[in-house]
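**Q** I am attaching a structure below and will ask some questions about it afterwards.
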């Protein structure tokens, strides 16, 4: 990396999703000027954060728990429009309303210590030298693909939630959805309406939640995720500890057998998947069948891995922030191993409301570290 022409700023914000925009808003509000005191970098091609990549059938009316960005409500949205369009347009308006001057598309490859108390941020548009960095890179860029015996030999199609195009691709096909989260259930319900057959596989029995989810339960769930982050363990999503909210559509699907969950298979075969004898009892629902040895098998055209995402923090690797448990220990939003680094939208702040709060908290702490910005 050529370090000629290094640009100096007080704060670098990486990522212009919910968390990054919240942080930039609060930097602006506390007197920091874009492109002089701070810079906001985003590698996506357009506004919208991860929302811009959501599948077209996820309409705005089906989005669960979208909180407005600070200082500007999202009003009058058509619930039947794709969420990617609605929220992408909202983020675009937000960036312009507060003059956040997002640099895109810009890829951040590494963050290093310059040996003199500053950070060097290596990007596709050059190098920034900064006193502190807010990492708001989310998880969308790191889809998690588990590995199972025989997976490489499967002759059908494999794809991840990150590449899910909507249900039409699966018309007339035999599909296995792997994963126990909200996205897995949404995919399964859509695909089951057009597919020749579906199978749902999860590592653990899914927990369905009936009734409202109050603030006390929400705080308890966030606390569980926060505890993992404090201990330096890889963060789990808040949804993973709250359970799946039972909707009317899900109740109908469960009554129809679509949500009859199966344990993870023992291996993937070239034409499908197999379970060893004794793993599954009772009469299988098609397309699953009993094998000659008493096990179970299913012939498949597609495996859809709705297996979640991991935090996209590879750019921070040169700083050696990871703990022995595999995660980055964070107190509030500060990385324990380097308080110049703030992680927002990470672990307990991965929800939209959590991202808003984390952006504000990070800027508050940065203000104490840096003092007042240079007057315009």
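The values are calculated or read from the model by the stated rules, or taken from the named source; none is laboratory data. Remember, predicted model here, so these are calculated numbers, not experimental data. In this analysis, Cβ positions are derived from the backbone assuming ideal geometry, glycine residues included, and neighbour counts consider all displayed protein chains.
**Q** Would you confirm, using the coordinates I've provided, whether residue 203 is surrounded by fewer than 16 Cβ atoms within 10 Å (Cβ to Cβ) and at pLDDT 95 or above?
**A** Numbers: surrounded by fewer than 16 Cβ atoms within 10 Å (Cβ to Cβ): yes; at pLDDT 95 or above: no.
No; evaluated as a whole, the condition is false for this residue.
**Q** OK, next. If a residue must be touching a helix residue (DSSP H, G or I) at 6+ places or on another chain (Cβ under 6 Å) and farther than 16 Å from residue 15 by Cα, how many such residues does region 88-105 contain?
**A** 1
**Q** Can you tell me which residue within region 349-366, out of those that are buried (at least 24 other Cβ atoms within 10 Å of the Cβ) and touching a strand residue (DSSP E or B) at 6+ places or on another chain (Cβ under 9 Å), is nearest to residue 334 (Cα to Cα)?
**A** Restricting to residues being buried (at least 24 other Cβ atoms within 10 Å of the Cβ) and touching a strand residue (DSSP E or B) at 6+ places or on another chain (Cβ under 9 Å), the top hit is 362.
**Q** So, one more: Which helices (runs of 4 or more DSSP H) does region 211-284 wholly contain that include 3 or more residues that are at pLDDT 70 or above? Reasoning before the result, please.
**A** On the way: elements: 215-230, 239-242, 248-255.
Answer list for region 211-284: 215-230, 248-255.
**Q** I've got another one for you. Can you find even one residue in region 329-337 that is closer than 30 Å to residue 262 by Cα and buried (at least 23 other Cβ atoms within 10 Å of the Cβ)? Show your work before the answer.
**A** Within region 329-337, the subset closer than 30 Å to residue 262 by Cα is none.
Scanning region 329-337 turns up no residue that is closer than 30 Å to residue 262 by Cα and buried (at least 23 other Cβ atoms within 10 Å of the Cβ).
**Q** How many residues does region 69-123 hold that are loosely packed, with under 15 Cβ neighbours inside 10 Å and in contact (Cβ under 8 Å) with a residue 60 or more places away in the chain?
**A** Of the residues in that region, 5 qualify.
**Q** Here's a follow-up. Within region 4-27, track down each residue that is under 18 Å from residue 110 (Cβ atoms) and touching a helix residue (DSSP H, G or I) at 6+ places or on another chain (Cβ under 9 Å).
**A** 11, 13, 14, 15 - these are the residues of region 4-27 that are under 18 Å from residue 110 (Cβ atoms) and touching a helix residue (DSSP H, G or I) at 6+ places or on another chain (Cβ under 9 Å).
**Q** So, one more: Kindly indicate whether residue 326 is surrounded by fewer than 22 Cβ atoms within 10 Å (Cβ to Cβ), in a loop (DSSP other than H, G, I, E, B) and modelled with pLDDT under 95. Explain how you work it out, then say what you get.
**A** Details: surrounded by fewer than 22 Cβ atoms within 10 Å (Cβ to Cβ): yes; in a loop (DSSP other than H, G, I, E, B): yes; modelled with pLDDT under 95: yes.
When the stated conditions are applied, residue 326 passes them.
**Q** Please enumerate the residues belonging to region 181-193 that are in contact with a strand residue (DSSP E or B) (Cβ under 9 Å, 6 or more places away or on another chain) and surrounded by fewer than 23 Cβ atoms within 10 Å (Cβ to Cβ). It would help to see each step written out before you state the result.
**A** Filtering region 181-193 for residues in contact with a strand residue (DSSP E or B) (Cβ under 9 Å, 6 or more places away or on another chain) gives 181-182, 184-185, 187-188, 191-192.
Answer for region 181-193, where residues must be in contact with a strand residue (DSSP E or B) (Cβ under 9 Å, 6 or more places away or on another chain) and surrounded by fewer than 23 Cβ atoms within 10 Å (Cβ to Cβ): 181, 182, 192.
**Q** Just name the residue that is surrounded by the fewest Cβ atoms within 10 Å (Cβ to Cβ) out of those in region 155-165 that are closer than 21 Å to residue 180 by Cβ and in contact (Cβ under 8 Å) with a residue 60 or more places away in the chain.
**A** Per the stated criteria, the residue is 159.
**Q** Let me ask you something else. Within region 53-65, does at least one residue satisfy the condition of being under 19 Å from residue 357 (Cα atoms) and either surrounded by 15 or more Cβ atoms within 10 Å (Cβ to Cβ) or in contact with a strand residue (DSSP E or B) (Cβ under 7 Å, 6 or more places away or on another chain) (or both)? Break it down into steps so the answer makes sense when it comes.
**A** Filtering region 53-65 for residues under 19 Å from residue 357 (Cα atoms) gives 64-65.
Within this subset, residues satisfying the condition of being either surrounded by 15 or more Cβ atoms within 10 Å (Cβ to Cβ) or in contact with a strand residue (DSSP E or B) (Cβ under 7 Å, 6 or more places away or on another chain) (or both) are none.
Among the residues of region 53-65, not one is under 19 Å from residue 357 (Cα atoms) and either surrounded by 15 or more Cβ atoms within 10 Å (Cβ to Cβ) or in contact with a strand residue (DSSP E or B) (Cβ under 7 Å, 6 or more places away or on another chain) (or both), which makes the answer no.
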